[in-house]
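Derivation of every value follows stated rules applied to the coordinates shown; laboratory data play no part. All figures in this text were calculated on a predicted structure; none of them were measured in a lab. Cβ coordinates were reconstructed from backbone atoms using ideal geometry, including for glycine residues, and neighbour counts include every protein chain displayed.
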Amino acid sequence: MSETRRETLPLKNSNDVVLARQKVRQWATELRFTLVDQTKLVTAASELARNTLDHGKGGAMAIEQVGVGGRVGLKLIFEDQGPGIPDIEIALKDGFTTGNGMGLGLGGSKRLVNEFSIDSTPGKGTRVTVVRWK
Amino acid sequence: MERIPVLRMGSLLLITIQVDMHDKLALQLQDDVTNRIAEWGSKGVLIDISSLEIVDSFIGRMLANIASMSRVLGAETVVVGMQPAVAITLVELGMSLPGVRTALSVEAGMELLYGVGAGFRTGSEDERDEA
Amino acid sequence: MSDLAEIISRNEDQIRAEWIRDMGTSVQRADLMSKTELNEQCKTLLGGVVQGMKSSAPSDIKTAGWTTVREFLEGISASRARQGFSPTEVANFVLSLKPPLFIAVRHDLNKSQDKMFDTLRDATDLVDALALLTMEAYIATREELIHRQQQELMELSTPVVKLWDGILALPIIGTLDSARTQVVMENLLQTVVATNSRFAIIDITGVPTVDTLVAQHLLKTITAARLMGAECIISGVRPQIAQTIVHLGINLEDVMTRANLSDAFGLALQMSGRAVVRKTAATAESKGILAGPMTKQEK
């Protein structure tokens, strides 16, 4: 396969979240995702970037084009060295409609992407990886 | 510091969100709206989001908050112009924006607040017919 | 491996000429591609192959040294797929490189049998790998084409019609699967915005079965429309479907439903503050034939 492009953005403040959204939008547009797919992916990116910032105390987002055979997709990796998530099961449950829940937006984001995996060690950090196929 | 402008048209507050908001800007808007309602005695709040291509849980909560806070202060809020892709995504996210009235356009929003055929009133509050 | 690279370099023009000649008229498709263009393509490929072999064995066709060849083959394969070349024509483009290669190898290495055999092996491995790559790219392009056509067909088969100012109808015919429902949903919502229609009637008279998945998709559409400021009414709910919905425990409390499209239309009119009024007897149309003078037609 041809070489994969990868870009990494810091997530240190709320403006970085906006930049991250715009960057994901840019990549998705270049790869010609449909409008709805783009919106879903950028929204998921926004949720996860904000989590990394608020809960993970800051980190980074990597964005990479992936593809197998004729399929084209976009992979996003959110990483932080924050407190980690003690109970992933609970975190994946929808909490934000109550307004006061953990509000991690993880459960919702999961529905916006095709592949979703989360790696977290309390005290060490968290890594969330998502993929949206065209 | 940049802010989202809140325009006054009689008893109505009109807000058009055209920028990709960062969190602080959104919180500032929440603040501004509640302050203005108190200051001007507004009865209606119309938020035009037709330029917003992304509404995530934070922005969604902001809209719901503005609606609840306004109601406590005696004003009704209508959000207009939500794009289809945004609506589809919000549904998938699981956000139903409870307590937030919506309309397809600014005109429809005004109709909702002031009644059909009432036209727009610049201060009189008697005929606020909610369709 | 460098033996083969050298042999190709030395005999490039001859190999290319024989290759094109042996390709046969069916592969060349003079109706789709000019001779000059074909010549250029073969030149580029052979040049790239030589470069690739200098970097690694063709069994490693995925390595960086072969990127030029890979991208080139994927490109021409995709364009041929779109132009209408058949799979055999596309494969033969690459496979017909074998005879000229073998001839060149035999000619240059006829003094040493072992070397000749090894180099022939390399040559056949090379061409096979290139042919497989070409076919994969061809198939991927065709699949993309088919997918796109399916999308277009789905959009065409579910038109959104305007019943009245601000009232749309979406008659759905046939089975609803996940992909189709999404297309239908997006189409409907976009039309709602474009026509500023507060009401959308989704008629499912023509839908044979509704399972949990379809029901979920319909519910999502209704919720999305509501978020935007429009209301959906489901019509054409047949008794069997009503039973299925109840059996499956699907909650339709929040959803407006009617047995047929006309009832749904009536509801939409009413909800939009309109009424259909019968004209009084005073107007000409309702007088009745016997009441007034004969019209021109009846004379």
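Between the alpha-carbon centres of the stretch C:118-190 and the stretch B:78-99 there is a gap of 28 Å. Seen from all directions on average, chain A presents a Cα convex hull projection of 8.0 nm². Relative to the longest principal axis of the Cα atoms of chain A, the long axis of helix A:35-54 lies at roughly 40 degrees. Of all complete DSSP H helices in chain C, not one has a Cα span along the helix axis of 20 Å or greater and a mean Kyte-Doolittle hydropathy of 1.6 or more. Summing Lys and Arg as +1 and Asp and Glu as -1 over all other residues whose Cβ lies under 13 Å from the Cβ of A:Arg50 gives a net charge of -1.
Using only the C-alpha atoms, the convex hull of the stretch C:87-188 corresponds to 124 Å³ per residue. For chain A, the Cβ-based charge dipole about the Cα centre amounts to some 340 debye (Lys, Arg positive; Asp, Glu negative; other atoms uncharged).
Annotation note: trypsin sites (Lys or Arg not before Pro) in the stretch C:204-284 located in DSSP loop regions with a Cβ neighbour count of at most 16 within 10 Å are C:Arg274, C:Arg278, C:Lys279.
Only bridges whose two residues both fall in the protein assembly as shown count here: according to DSSP, what percent of them are antiparallel, nearest 5? The answer is about 60 percent antiparallel.
The dipole here belongs to chain C: it is taken about the Cα centre, uses +1 on the Cβ of Lys and Arg and -1 on the Cβ of Asp and Glu, and is about 1360 debye.
Less than 5 angstrom separates the built amide H of B:Val45 from those of B:Leu13, B:Glu76, B:Thr77, B:Val78, all sequence-distant by 5 or more or on a different chain. Normalised by the number of residues in the stretch C:2-151, the mean separation of alpha-carbon contacts (under 8 Å, six or more apart) gives a relative contact order of 32 percent.
Under the criterion of Cα pairs below 8 Å and six or more residues apart, the relative contact order for chain C equals 13 percent. The shape of the stretch C:1-110 comes out oblate: with a ≥ b ≥ c from the C-alpha gyration tensor, a/c is at least 1.5 while a/b does not beat b/c. Angle check, please: helix A:14-30 long axis (alpha carbons) against the longest principal axis of chain A (alpha carbons), in degrees 0 to 90, nearest 10. Here the helix axis deviates by roughly 30 degrees. Largest mean-square fluctuation among C:Val90, C:Val237, C:Val277, in a Gaussian network model of chain C whose springs join Cα atoms under 10 Å apart, belongs to C:Val277. For the options C:Gln216, C:Gln51, C:Gln113, a Gaussian network treatment of chain C with springs between C-alpha atoms closer than 10 Å singles out C:Gln113 as fluctuating the most. Of the complete DSSP H runs in chain B, those spanning 18 angstrom or more by Cα along the long axis with a mean Kyte-Doolittle score not below 0.0 are B:57-72. Positive-end ranking of C:Leu95, C:Leu168, C:Gln150 along the dipole of the stretch C:70-177, with charges on Cβ about the Cα centre, is headed by C:Leu95. Need one number: the % of Cα-Cα pairs in the protein assembly as shown sitting beyond the 30 Å mark. Here the tail beyond 30 Å accounts for 65 percent of pairs.
Legend: P(r) of the stretch B:6-114 from all alpha carbon pair distances, 10 Å bins from 0, whole percents, reading 15, 52, 30, 3. Considering only B:Asp20, B:Asp32, B:Asp48, the mean-square fluctuation computed in a Gaussian network model of chain B, springs between alpha carbons under 10 angstrom, is largest for B:Asp20.
Scattering from chain C was approximated by placing one identical point on each alpha carbon and applying the Debye formula without solvent; log10 I(q)/I(0) at 0.08 1/Å stands at -0.63.
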